[in-house]
Every structure is written in structure tokens, then in C-alpha cells.
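Below is one structure, written out as C-alpha cells; comments come after it.
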Amino acid sequence: MQTIDFVQAAERALLYEVTVNPKPGLVDPSSNGAHSDMDVYTFIDSAVSLQPYLSTAVTLAEQFNGNRSLTALFEELRQAGIDAEKDMFNATKGVNTHKGAVFSLGILVCATAYLIAQAQPITSENVSQTVQAMLQGLSEHDFARLTQKPEKTLTAGERQFLKYGATGIRGQAEAGFPVVMGIALPYLASTTGDMNGRLLDTLMMISRETEDSNLIKRAGTMDILPWWQGQVDAYFTMGGSKTEEGLNYAKTLDNICIEKNLSLGGSADLLILTVYMAIVTDVL
Ligand SMILES: CC(C)(COP(=O)(O)OP(=O)(O)OC[C@H]1O[C@@H](n2cnc3c(N)ncnc32)[C@H](O[C@H]2O[C@H](COP(=O)(O)OP(=O)(O)OP(=O)(O)O)[C@@H](O)[C@H]2O)[C@@H]1O)[C@@H](O)C(=O)NCCC(=O)NCCS
Ligand SMILES: Nc1ncnc2[nH]cnc12
């Protein structure tokens, strides 16, 4: 059986993501992007605050009675995730750094620890299938009674489901994270060069393929998605992180995002998941 420190892998993934630069609209060591209330130190504090929760995700998986449905494992994890969100907000003094990651990374840590506990290999196919089994019926459950919820209390993801039918993070997770497993991880594996460039290009690739509810919320329209795809295509046409022109364009995109108050929080979360998977499958 493989010996993997899942918590360390998850912490590395959180810290690698915030370090990558220049990320358009997002926080990194050279820019706070379109976020006036946080910086890279806020993310370090947030990442460290999640350690106990990530350990709990491993323990829940290891102690799970395999005769029950995996949806029961997710329900236990979700309770722990709600507490972890509070720890995160305490650590960041109320700023939302890793709300999406608490959910998504917790699921991946739990799914990978479960596979090892069941003496199964960690492959993207196995992880994706385990996640799908854990989250079966999630969108239907969460979106079922939204029309009865007071308008003011709706989250960005809930609003976008009602307005556009976009299932956001829930849809992505329930499908076993296809952008991570099918696009981002193979893409990262195919890249060469320095770590920062490889991860920056992977983030840009992810953002091209994702309905990022953070981007849609900030823009106030789904029309932002084709516009953003055009920007990413221009970045890659210039050679991406491999050329000075491409890197300068990433900086230009950061300035455009700051000016338009746009951010790619959902894509950043998917990069965290991709790095986590890359570490536990020896791609990185
Ligand atoms: C399922 C939960 C994630 C809760 O979902 P919720 O409906 O509360 O939130 P969403 O708006 O759907 O988005 C959650 C975060 O997921 C990230 N994300 C967005 N799109 C995707 C995607 N396509 N794939 C993966 N991940 C995605 C994103 O996180 C990042 O952005 C954050 C900032 O975004 P946002 O929250 O929109 O913005 P604000 O904080 O308001 O500030 P501004 O930046 O706009 O100023 C950043 O932190 C990243 O992490 C989305 O934010 C889960 O939390 C859950 O299950 N909660 C418990 C709920 C529950 O059980 N309720 C009980 C009834 S069922
Ligand atoms: N680097 C980052 N900047 C802003 N929001 C994020 N959510 C996850 N990572 C982020």
C-alpha cells in the first residue's frame, strides 16, 4: 500500500497556487489582483488554518465503514467543512480566501485517503469515480428548494443556477472534477520548464474551460466567458509563459482584471486540486 501524507500534499497545493505569478485578477506575491481585502499572507494564514480539517478528511475516510453508501462519507465531511469555513474566516479576519477549496480539496483529500484505505491505486479515473459516488445527487439536493429561499440569502452559485442554470462548483464536483482529471492534469503532465511557468499555463488552460462563478459574479453576465476565452487564446498564441510577450500579456490581463474588478477564484481552486492530484500521482 502507498504511504502518502495527504495533508502535506494538500497544504503544498494551497501554497503552490497562491505563489504562482503573474495570475490575472488573483492574489500572488507580486500583486493582490482585484482583491483589496487580502494578500499572500492572508492565504498563508488561511492554508495553515485548514490543517486540522484536512486531517479530519483523512480520518473520516480511513474510518469509514465500506458497507455504507459513499454519500454518507460526504455528509460527514460536509459537516466538518462547515466548521473549517469558520476556522478559515477566523484566521483571515472574515475574508473569503478558500471557501471553494474547503469544499473541493476536502473532497479530494477524503476520496484519495479512502482509495488507499481500500487498497486501491490512486489514479485520476479512480478518484473521479469515488468523488462521483460520494456526491451523487448533490446539485439536485442543494438546488431543490432555492426558489423558497429569501433572495438576499442566495449565494453567487445559487443565484447563477436560478438565472442561467449554471451548476458551478457543485456540477463540477458532482461530475468528478472533469476539468481537473480530463484536461488540467494531463496538460500539466505534458508541460516542461520551470514550476511557475507550468502552473501559470495550467491555470490559464483551466480558466478557459471553466464556468467560474466568481468570474461570472464579478462581471454580472455569462458573456464574460467567451471574452475571457479569447484573452486566454491570445496568451497561448503569444507562447504563454515560455515567452516574454506571453508573460507580459499575463501582467496586462492582471491590470485589465483589476480595472474591471474581475477575478478567477473558481479556476484558482481547480488549480489547487490539479496540483494536489499531480503530487499524489507523482506528476509533480
Ligand atoms: C458547495 C459550497 C462550495 C457552497 O457553495 P455556495 O453556493 O455557498 O458558493 P458558490 O457561490 O457556488 O461558490 C463557492 C466557491 O466555489 C469556487 N468556484 C466557483 N466556480 C467554481 C467552479 N466552476 N469550479 C470549482 N470551484 C468553483 C469559488 O471559490 C473561489 O472564489 C472565492 C471567492 O468567490 P465568491 O464567494 O464568489 O466571492 P466573495 O467571497 O463574495 O467575494 P468577492 O471575491 O466577489 O469579493 C475564493 O474564495 C475561492 O475559493 C466560489 O466562491 C460549500 O461551501 C458548501 O457545501 N457549503 C455548505 C453549504 C451547506 O451545506 N448548506 C446547507 C444546505 S445544503
Ligand atoms: N490566489 C487567489 N486569489 C484570490 N482568490 C483565490 N481563491 C483561491 N486562490 C485565490
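What follows draws every value from the coordinates through simple rules; no lab data is involved. Treat the numbers as computed from the prediction; the structure is a model and nothing was measured. Glycine also receives a Cβ, built like all others from the backbone with ideal geometry; neighbour counts cover every protein chain displayed.
Picking from residues in segment 255-273 that are within 11 Å of ligand 2 (Cβ to nearest atom) and under 13 Å from GLN231 (Cβ atoms), the one that is surrounded by the fewest Cβ atoms within 10 Å (Cβ to Cβ) is CYS257.
Hey, could you check segment 73-98 for residues that are among the β-branched types (Val, Ile, Thr) and in contact with a Ser or Thr (Cβ under 7 Å, 6 or more places away or on another chain) and say which is nearest to ligand 2 (Cβ to nearest atom)? Per the stated criteria, the residue is THR97.
For residues in segment 34-49 being in a loop (DSSP other than H, G, I, E, B) and of a type in the set (Asp, Glu), which is farthest from ligand 1 (Cβ to nearest atom)?
Out of the qualifying residues, it is ASP39.
From the list THR130, THR112, the one residue that fits, being within 26 Å of PHE43 (Cβ to Cβ), hydroxyl-bearing (Ser, Thr, Tyr), in a helix (DSSP H, G or I) and touching a residue at least 60 places away in the same chain (Cβ under 8 Å), is THR112. For segment 105-138, a tally of residues being within 14 Å of ligand 1 (Cβ to nearest atom) and crowded, with 17+ Cβ neighbours inside 10 Å returns 9.
Do the conditions hold for LYS23, that is, is it closer than 18 Å to SER267 by Cβ, outside any helix (DSSP H, G or I) and within 16 Å of ligand 2 (Cβ to nearest atom)? The answer is yes for LYS23. Number of residues in segment 33-72 that are within 16 Å of ligand 2 (Cβ to nearest atom), in contact with a Cys (Cβ under 6 Å, 6 or more places away or on another chain) and farther than 20 Å from PRO22 by Cβ equals 0. In segment 22-30 there is at least one residue that is surrounded by 22 or more Cβ atoms within 10 Å (Cβ to Cβ), within 15 Å of ligand 1 (Cβ to nearest atom), β-branched (Val, Ile, Thr) and closer than 25 Å to ILE256 by Cβ.
Residues that are out of contact with any strand residue (DSSP E or B) (no Cβ under 7 Å at 6 or more places or on another chain), acidic (Asp, Glu) and under 17 Å from ALA113 (Cα atoms) occur at least once in segment 2-16. Out of THR221, THR252, THR192, one residue alone is away from ligand 1 (no atom under 16 Å from the Cβ), farther than 22 Å from THR123 by Cβ and outside any helix (DSSP H, G or I). It is THR192.
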